[in-house]
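Reading through the C-alpha coordinates given below for one structure.
The values are calculated or read from the model by the stated rules, or taken from the named source; none is laboratory data. Predicted model only: the values in this text are computed from it and were never measured. Here the Cβ positions follow ideal geometry from the backbone for every residue, glycine too, while neighbour counts run over all protein chains shown. When the accessible area is computed, the model is the full protein with side chains, heavy atoms only, and any ligands, DNA or RNA have been set aside. Shrake-Rupley method; radii C 1.70, N 1.55, O 1.52, S 1.80 Å.
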Amino acid sequence: MSSLVRLPGLVDVHVHLREPGGEHKETFATGTAAALAGGVTAVLAMPNTSPPLVDEATFAEAERRARAEARCDYGLFLGATHENAGFPLRLQRRAAGLKIYVNETFGPLRVEELPAVLEHLRQWRGPGPVAVHAEGLMVPALVALATITGARVHFCHVSRAAEIAVIRAAKARGLPVTCEVTPHHLWLTEEDLPRLGPYGHMRPPLATRADREALWANLDVVDCIATDHAPHTRAEKEGPSPPPGVPGLETMLPLLLTAVHEGRLTLGRLVELTHSRPRAIFGLPAQPNTWVEVDLEAEWVLPEQGWFTKVDWSPFAGMRVRGRVIRTVLRGTVAYEEGKVLAPPGFGKNVREERSEET
Ligand code: DOR
Ligand code: ZN
Ligand code: ZN
(Lines give C-alpha, C1' and ligand atoms only; values in the text may rest on other atoms or scores of the structure.)
(Ligands and ions follow the chains in the order given, each with its own letter.)
Protein backbone atom coordinates (compact mmCIF):
# COMPACT_ATOMS: atom_id res chain seq x y z
CA MET A 1 0.00 0.00 0.00
CA SER A 2 1.45 3.31 -1.04
CA SER A 3 1.67 6.07 1.50
CA LEU A 4 2.09 8.73 -1.20
CA VAL A 5 -0.75 11.20 -1.42
CA ARG A 6 -1.33 14.30 -3.55
CA LEU A 7 -2.64 17.41 -1.85
CA PRO A 8 -3.45 20.76 -3.43
CA GLY A 9 -0.57 23.26 -3.08
CA LEU A 10 -0.72 24.97 0.31
CA VAL A 11 -1.57 28.68 0.45
CA ASP A 12 0.13 30.48 3.33
CA VAL A 13 -1.59 33.81 3.92
CA HIS A 14 0.93 35.09 6.46
CA VAL A 15 4.67 35.23 5.76
CA HIS A 16 7.45 37.77 6.25
CA LEU A 17 9.91 37.69 3.35
CA ARG A 18 11.92 40.73 4.55
CA GLU A 19 12.38 42.52 1.23
CA PRO A 20 13.28 45.27 1.08
CA GLY A 21 15.59 46.06 3.98
CA GLY A 22 15.94 42.71 5.76
CA GLU A 23 17.74 40.67 3.10
CA HIS A 24 20.16 39.24 5.66
CA LYS A 25 17.16 37.43 7.24
CA GLU A 26 15.27 36.31 4.12
CA THR A 27 14.69 37.31 0.51
CA PHE A 28 11.92 36.59 -1.95
CA ALA A 29 14.21 33.94 -3.47
CA THR A 30 15.11 32.18 -0.20
CA GLY A 31 11.69 32.49 1.46
CA THR A 32 9.86 31.10 -1.57
CA ALA A 33 12.41 28.25 -1.80
CA ALA A 34 11.47 27.40 1.80
CA ALA A 35 7.80 27.62 0.80
CA LEU A 36 8.15 25.12 -2.06
CA ALA A 37 10.17 22.74 0.13
CA GLY A 38 7.29 22.91 2.60
CA GLY A 39 4.62 22.20 -0.01
CA VAL A 40 3.47 25.84 -0.09
CA THR A 41 2.79 27.09 -3.62
CA ALA A 42 1.45 30.57 -2.81
CA VAL A 43 2.47 32.99 -0.07
CA LEU A 44 1.02 36.32 1.00
CA ALA A 45 3.82 38.58 2.24
CA MET A 46 3.51 41.08 5.07
CA PRO A 47 4.32 44.78 4.65
CA ASN A 48 6.48 45.39 7.76
CA THR A 49 9.60 45.63 5.65
CA SER A 50 12.13 48.43 5.68
CA PRO A 51 10.81 50.70 4.40
CA PRO A 52 7.30 49.35 5.02
CA LEU A 53 4.91 48.97 2.07
CA VAL A 54 2.63 51.91 2.72
CA ASP A 55 2.25 53.74 -0.59
CA GLU A 56 2.51 53.37 -4.35
CA ALA A 57 6.31 53.82 -4.48
CA THR A 58 7.24 51.37 -1.72
CA PHE A 59 4.66 48.84 -2.91
CA ALA A 60 5.81 49.04 -6.55
CA GLU A 61 9.43 48.45 -5.53
CA ALA A 62 8.48 45.29 -3.59
CA GLU A 63 6.33 44.14 -6.54
CA ARG A 64 9.29 44.62 -8.85
CA ARG A 65 11.61 42.60 -6.62
CA ALA A 66 9.09 39.83 -6.01
CA ARG A 67 8.41 39.52 -9.72
CA ALA A 68 12.12 39.02 -10.43
CA GLU A 69 12.88 36.76 -7.48
CA ALA A 70 9.91 34.78 -6.20
CA ARG A 71 9.98 31.06 -6.99
CA CYS A 72 6.36 30.38 -5.97
CA ASP A 73 3.21 32.45 -6.46
CA TYR A 74 2.83 35.40 -4.13
CA GLY A 75 0.79 38.39 -3.08
CA LEU A 76 1.85 41.48 -1.14
CA PHE A 77 -0.02 43.26 1.64
CA LEU A 78 -0.26 47.02 1.95
CA GLY A 79 0.46 48.33 5.45
CA ALA A 80 -1.80 50.77 7.32
CA THR A 81 -0.41 53.88 9.02
CA HIS A 82 -2.14 56.76 10.78
CA GLU A 83 -1.98 58.78 7.58
CA ASN A 84 -2.59 56.50 4.62
CA ALA A 85 -6.27 55.47 4.77
CA GLY A 86 -7.99 55.63 1.40
CA PHE A 87 -5.51 54.00 -0.98
CA PRO A 88 -6.30 54.52 -4.68
CA LEU A 89 -8.54 51.66 -5.80
CA ARG A 90 -6.03 50.60 -8.41
CA LEU A 91 -3.45 50.07 -5.65
CA GLN A 92 -5.94 48.20 -3.43
CA ARG A 93 -6.54 45.78 -6.29
CA ARG A 94 -2.84 45.00 -6.57
CA ALA A 95 -2.58 44.09 -2.87
CA ALA A 96 -3.26 40.74 -1.21
CA GLY A 97 -5.05 42.72 1.49
CA LEU A 98 -4.54 45.54 3.96
CA LYS A 99 -2.56 44.77 7.13
CA ILE A 100 -3.22 46.72 10.31
CA TYR A 101 -1.02 46.20 13.34
CA VAL A 102 -3.01 47.41 16.34
CA ASN A 103 -0.65 45.80 18.86
CA GLU A 104 3.08 45.91 19.31
CA THR A 105 5.15 43.87 16.90
CA PHE A 106 8.39 43.84 14.90
CA GLY A 107 9.08 47.11 13.07
CA PRO A 108 7.44 50.52 13.23
CA LEU A 109 4.10 49.82 11.50
CA ARG A 110 1.36 50.45 14.06
CA VAL A 111 -2.10 52.02 14.12
CA GLU A 112 -3.22 52.53 17.70
CA GLU A 113 -5.63 55.43 17.32
CA LEU A 114 -9.28 54.52 16.87
CA PRO A 115 -10.10 57.16 14.21
CA ALA A 116 -7.35 55.86 11.95
CA VAL A 117 -8.39 52.20 12.32
CA LEU A 118 -12.01 53.16 11.64
CA GLU A 119 -11.06 55.17 8.58
CA HIS A 120 -9.04 52.28 7.14
CA LEU A 121 -11.95 49.87 7.59
CA ARG A 122 -14.33 52.36 5.98
CA GLN A 123 -12.15 52.97 2.97
CA TRP A 124 -10.80 49.52 2.18
CA ARG A 125 -12.51 47.95 -0.83
CA GLY A 126 -10.43 44.83 -1.39
CA PRO A 127 -10.40 42.42 -3.19
CA GLY A 128 -8.53 41.08 -0.15
CA PRO A 129 -9.74 41.50 3.43
CA VAL A 130 -8.29 43.68 6.18
CA ALA A 131 -5.90 41.45 8.12
CA VAL A 132 -5.30 42.56 11.68
CA HIS A 133 -2.64 41.82 14.23
CA ALA A 134 -4.93 42.19 17.25
CA GLU A 135 -4.40 40.67 20.67
CA GLY A 136 -6.51 40.52 23.84
CA LEU A 137 -9.19 43.21 24.05
CA MET A 138 -8.26 44.41 20.58
CA VAL A 139 -9.99 41.28 19.22
CA PRO A 140 -13.50 42.24 20.40
CA ALA A 141 -12.69 45.86 19.52
CA LEU A 142 -12.01 44.88 15.92
CA VAL A 143 -15.07 42.60 15.82
CA ALA A 144 -17.11 45.66 16.78
CA LEU A 145 -15.44 47.81 14.14
CA ALA A 146 -16.00 45.13 11.48
CA THR A 147 -19.67 45.07 12.47
CA ILE A 148 -20.03 48.84 12.35
CA THR A 149 -18.24 49.30 9.03
CA GLY A 150 -19.14 46.03 7.30
CA ALA A 151 -15.45 45.55 6.46
CA ARG A 152 -14.22 41.99 6.11
CA VAL A 153 -11.73 41.55 8.95
CA HIS A 154 -9.32 38.62 9.08
CA PHE A 155 -7.70 37.97 12.45
CA CYS A 156 -4.07 36.90 12.17
CA HIS A 157 -2.50 34.34 14.50
CA VAL A 158 -5.26 33.93 17.12
CA SER A 159 -3.47 32.46 20.13
CA ARG A 160 -5.61 32.60 23.28
CA ALA A 161 -8.71 30.83 24.57
CA ALA A 162 -10.61 34.07 25.16
CA GLU A 163 -9.81 35.35 21.66
CA ILE A 164 -11.03 32.22 19.90
CA ALA A 165 -14.16 32.29 22.09
CA VAL A 166 -14.90 35.85 20.91
CA ILE A 167 -14.40 34.83 17.28
CA ARG A 168 -16.69 31.82 17.72
CA ALA A 169 -19.39 34.08 19.15
CA ALA A 170 -18.91 36.67 16.37
CA LYS A 171 -19.21 34.01 13.68
CA ALA A 172 -22.29 32.56 15.36
CA ARG A 173 -23.87 35.99 14.88
CA GLY A 174 -22.90 36.02 11.23
CA LEU A 175 -20.38 38.84 11.55
CA PRO A 176 -17.90 39.24 8.68
CA VAL A 177 -14.80 37.91 10.42
CA THR A 178 -12.36 35.11 9.64
CA CYS A 179 -9.24 33.93 11.43
CA GLU A 180 -6.02 31.99 11.24
CA VAL A 181 -3.89 30.13 13.78
CA THR A 182 -0.20 29.31 13.52
CA PRO A 183 1.59 25.97 13.96
CA HIS A 184 3.70 27.47 16.77
CA HIS A 185 0.62 28.35 18.81
CA LEU A 186 -0.85 24.91 18.07
CA TRP A 187 2.29 23.00 19.07
CA LEU A 188 4.23 25.14 21.55
CA THR A 189 3.37 26.85 24.84
CA GLU A 190 5.11 29.05 27.37
CA GLU A 191 6.30 25.82 28.97
CA ASP A 192 8.70 25.52 26.02
CA LEU A 193 10.30 28.88 26.78
CA PRO A 194 13.01 27.63 29.15
CA ARG A 195 14.16 25.25 26.42
CA LEU A 196 13.76 27.67 23.50
CA GLY A 197 14.99 30.86 25.18
CA PRO A 198 14.96 33.76 22.67
CA TYR A 199 14.03 31.33 19.88
CA GLY A 200 10.63 31.03 21.52
CA HIS A 201 10.04 34.79 21.51
CA MET A 202 7.30 35.88 19.12
CA ARG A 203 4.20 38.09 18.91
CA PRO A 204 1.66 37.05 20.02
CA PRO A 205 3.77 35.27 22.65
CA LEU A 206 3.51 31.55 23.32
CA ALA A 207 0.52 31.05 25.60
CA THR A 208 -0.58 28.55 28.20
CA ARG A 209 -1.33 24.90 27.70
CA ALA A 210 -5.04 25.73 28.20
CA ASP A 211 -4.83 28.32 25.42
CA ARG A 212 -3.23 25.81 23.08
CA GLU A 213 -5.89 23.22 23.88
CA ALA A 214 -8.61 25.81 23.26
CA LEU A 215 -7.24 26.40 19.75
CA TRP A 216 -7.42 22.66 19.01
CA ALA A 217 -10.87 22.39 20.59
CA ASN A 218 -12.16 25.29 18.47
CA LEU A 219 -10.46 24.33 15.22
CA ASP A 220 -13.93 24.12 13.65
CA VAL A 221 -14.21 27.94 13.73
CA VAL A 222 -10.68 28.46 12.44
CA ASP A 223 -10.52 29.36 8.75
CA CYS A 224 -6.83 28.98 7.96
CA ILE A 225 -3.61 27.69 9.34
CA ALA A 226 -0.85 30.14 8.39
CA THR A 227 2.79 30.09 9.42
CA ASP A 228 3.54 33.73 10.33
CA HIS A 229 6.98 32.72 8.97
CA ALA A 230 9.04 35.48 10.61
CA PRO A 231 12.76 34.78 10.19
CA HIS A 232 15.43 36.48 12.30
CA THR A 233 19.07 35.37 12.34
CA ARG A 234 20.57 33.31 15.15
CA ALA A 235 22.86 36.25 15.94
CA GLU A 236 19.84 38.55 16.31
CA LYS A 237 17.98 36.01 18.43
CA GLU A 238 20.99 35.58 20.70
CA GLY A 239 21.72 39.34 20.87
CA PRO A 240 20.76 41.81 23.61
CA SER A 241 17.21 42.47 22.35
CA PRO A 242 15.96 39.42 20.44
CA PRO A 243 13.36 40.36 17.82
CA PRO A 244 10.05 38.42 17.90
CA GLY A 245 9.31 35.76 15.32
CA VAL A 246 10.06 32.23 14.16
CA PRO A 247 10.42 30.60 10.72
CA GLY A 248 7.72 28.08 9.83
CA LEU A 249 7.29 27.50 6.10
CA GLU A 250 9.10 24.16 5.98
CA THR A 251 7.61 22.67 9.13
CA MET A 252 3.87 23.46 8.83
CA LEU A 253 2.92 20.54 6.60
CA PRO A 254 4.96 17.86 8.43
CA LEU A 255 3.41 19.02 11.72
CA LEU A 256 -0.13 19.01 10.28
CA LEU A 257 0.40 15.57 8.73
CA THR A 258 1.55 14.36 12.15
CA ALA A 259 -1.74 15.62 13.58
CA VAL A 260 -3.55 13.71 10.84
CA HIS A 261 -1.60 10.58 11.75
CA GLU A 262 -2.53 11.07 15.40
CA GLY A 263 -6.20 11.44 14.52
CA ARG A 264 -6.42 15.09 15.63
CA LEU A 265 -7.19 16.35 12.12
CA THR A 266 -8.56 14.79 8.95
CA LEU A 267 -6.78 15.17 5.64
CA GLY A 268 -9.90 16.84 4.24
CA ARG A 269 -9.90 19.44 7.00
CA LEU A 270 -6.16 19.99 6.50
CA VAL A 271 -6.86 20.85 2.85
CA GLU A 272 -9.65 23.26 3.84
CA LEU A 273 -7.42 25.02 6.37
CA THR A 274 -4.36 25.34 4.16
CA HIS A 275 -5.86 25.64 0.69
CA SER A 276 -9.58 26.09 0.12
CA ARG A 277 -10.44 28.63 2.84
CA PRO A 278 -7.31 30.76 2.39
CA ARG A 279 -8.01 30.94 -1.36
CA ALA A 280 -11.66 31.84 -0.83
CA ILE A 281 -11.00 34.48 1.85
CA PHE A 282 -8.30 36.25 -0.14
CA GLY A 283 -9.94 35.73 -3.55
CA LEU A 284 -6.92 33.97 -5.03
CA PRO A 285 -6.86 32.44 -8.52
CA ALA A 286 -6.67 28.69 -9.07
CA GLN A 287 -3.21 27.28 -9.66
CA PRO A 288 -3.78 24.73 -12.42
CA ASN A 289 -1.68 21.52 -12.37
CA THR A 290 -0.39 22.36 -8.91
CA TRP A 291 0.01 19.85 -6.12
CA VAL A 292 2.23 18.59 -3.36
CA GLU A 293 3.09 14.94 -3.06
CA VAL A 294 3.59 13.78 0.51
CA ASP A 295 4.66 10.53 2.09
CA LEU A 296 2.19 10.04 4.94
CA GLU A 297 4.26 7.34 6.60
CA ALA A 298 7.74 8.90 6.49
CA GLU A 299 8.98 9.38 10.04
CA TRP A 300 11.75 11.84 10.70
CA VAL A 301 13.09 14.26 13.27
CA LEU A 302 12.99 17.95 12.33
CA PRO A 303 16.64 18.98 12.14
CA GLU A 304 18.44 21.94 13.69
CA GLN A 305 19.77 23.06 10.32
CA GLY A 306 19.73 22.31 6.64
CA TRP A 307 16.60 24.35 5.97
CA PHE A 308 16.04 26.53 2.92
CA THR A 309 15.06 29.58 4.97
CA LYS A 310 18.05 31.90 5.08
CA VAL A 311 18.10 31.91 8.89
CA ASP A 312 18.41 28.11 8.93
CA TRP A 313 16.89 27.29 12.31
CA SER A 314 13.52 26.06 13.55
CA PRO A 315 11.74 26.28 16.89
CA PHE A 316 10.44 22.78 16.16
CA ALA A 317 13.89 21.19 15.78
CA GLY A 318 14.10 17.85 17.57
CA MET A 319 10.42 17.02 17.14
CA ARG A 320 9.61 13.62 15.68
CA VAL A 321 7.07 13.99 12.89
CA ARG A 322 5.21 11.69 10.54
CA GLY A 323 4.75 12.93 6.97
CA ARG A 324 7.16 14.45 4.51
CA VAL A 325 7.02 16.50 1.32
CA ILE A 326 8.46 14.48 -1.55
CA ARG A 327 7.67 16.75 -4.49
CA THR A 328 5.94 20.08 -5.16
CA VAL A 329 4.53 20.76 -8.60
CA LEU A 330 3.58 24.32 -9.51
CA ARG A 331 1.67 24.98 -12.71
CA GLY A 332 2.85 21.76 -14.28
CA THR A 333 6.54 22.17 -13.41
CA VAL A 334 8.34 20.24 -10.69
CA ALA A 335 9.34 23.07 -8.36
CA TYR A 336 10.78 20.99 -5.50
CA GLU A 337 11.85 17.37 -5.41
CA GLU A 338 13.61 15.30 -2.77
CA GLY A 339 15.67 18.01 -1.15
CA LYS A 340 16.17 20.23 -4.20
CA VAL A 341 14.36 23.42 -5.10
CA LEU A 342 14.08 23.45 -8.88
CA ALA A 343 11.91 26.50 -9.59
CA PRO A 344 14.17 29.45 -10.38
CA PRO A 345 13.73 32.99 -9.09
CA GLY A 346 11.10 34.70 -11.23
CA PHE A 347 9.00 31.54 -11.69
CA GLY A 348 6.41 32.79 -9.20
CA LYS A 349 3.43 34.84 -10.35
CA ASN A 350 1.67 37.64 -8.54
CA VAL A 351 -1.78 36.39 -7.47
CA ARG A 352 -3.26 39.79 -8.38
CA GLU A 353 -1.94 39.78 -11.93
CA GLU A 354 -4.43 39.40 -14.76
CA ARG A 355 -4.32 35.84 -16.07
CA SER A 356 -6.20 35.78 -19.33
CA GLU A 357 -4.81 32.35 -20.25
CA GLU A 358 -6.30 30.66 -17.19
CA THR A 359 -9.82 30.06 -16.05
O1 DOR B 1 6.57 37.44 16.06
C2 DOR B 1 6.29 38.24 15.18
N3 DOR B 1 7.19 38.53 14.23
N4 DOR B 1 5.10 38.85 15.19
C5 DOR B 1 4.82 39.86 14.34
O6 DOR B 1 3.73 40.38 14.39
C7 DOR B 1 5.84 40.35 13.39
C8 DOR B 1 6.81 39.30 13.09
C9 DOR B 1 8.05 39.81 12.38
O10 DOR B 1 7.91 40.56 11.42
O11 DOR B 1 9.15 39.42 12.78
ZN1 ZN C 1 1.39 39.73 13.68
ZN1 ZN D 1 3.39 38.24 11.09
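Report whether or not R160 is in contact with a strand residue (DSSP E or B) (Cβ under 9 Å, 6 or more places away or on another chain) and open to solvent by 50 Å² or more (accessible area, probe 1.4 Å). So R160 fails the test. Of the residues L284, L302, the single one that is modelled with pLDDT of 95 or more, of a type outside the set (S, T, Y) and closer than 28 Å to T178 by Cα is L284.
For residues that are within 11 Å of V246 (Cβ to Cβ) and out of contact with any helix residue (DSSP H, G or I) (no Cβ under 9 Å at 6 or more places or on another chain), scanning just segment 185-222, find the one that is nearest to ligand 2 (Cβ to nearest atom). Out of the qualifying residues, it is R203. Residues in segment 334-341 include at least one that is closer than 16 Å to A37 by Cα, modelled with pLDDT under 95 and open to solvent by 40 Å² or more (accessible area, probe 1.4 Å). The combined condition, being over 24 Å from A259 (Cβ atoms), touching a Phe, Trp or Tyr at 6+ places or on another chain (Cβ under 6 Å) and small (G, A, S), is not fulfilled by G136.
Exactly one residue out of G39, G86 is at positive phi, open to solvent by 10 Å² or more (accessible area, probe 1.4 Å) and in contact (Cβ under 8 Å) with a residue 12 or more places away in the chain, and it is G86. Only helices (runs of 4 or more DSSP H) whose full extent lies in segment 167-233 are considered here, and the ones with at least 2 residues that are buried (at least 19 other Cβ atoms within 10 Å of the Cβ), at negative phi and within 14 Å of ligand 1 (Cβ to nearest atom) are 183-187. Taking the criterion of being acidic (D, E) and in contact (Cβ under 8 Å) with a residue 40 or more places away in the chain, the only residue of segment 313-359 that qualifies is E358. Residues that are more than 14 Å from ligand 1 (Cβ to nearest atom), outside any strand (DSSP E or B) and surrounded by 18 or more Cβ atoms within 10 Å (Cβ to Cβ) within segment 143-157 comprise V143, L145, A146, T149, A151, R152, listed in sequence order. Scanning segment 114-142 for residues that are open to solvent by 10 Å² or more (accessible area, probe 1.4 Å), of a type in the set (A, V, I, L, M, F, W, C) and closer than 16 Å to I281 by Cα turns up just one, W124.
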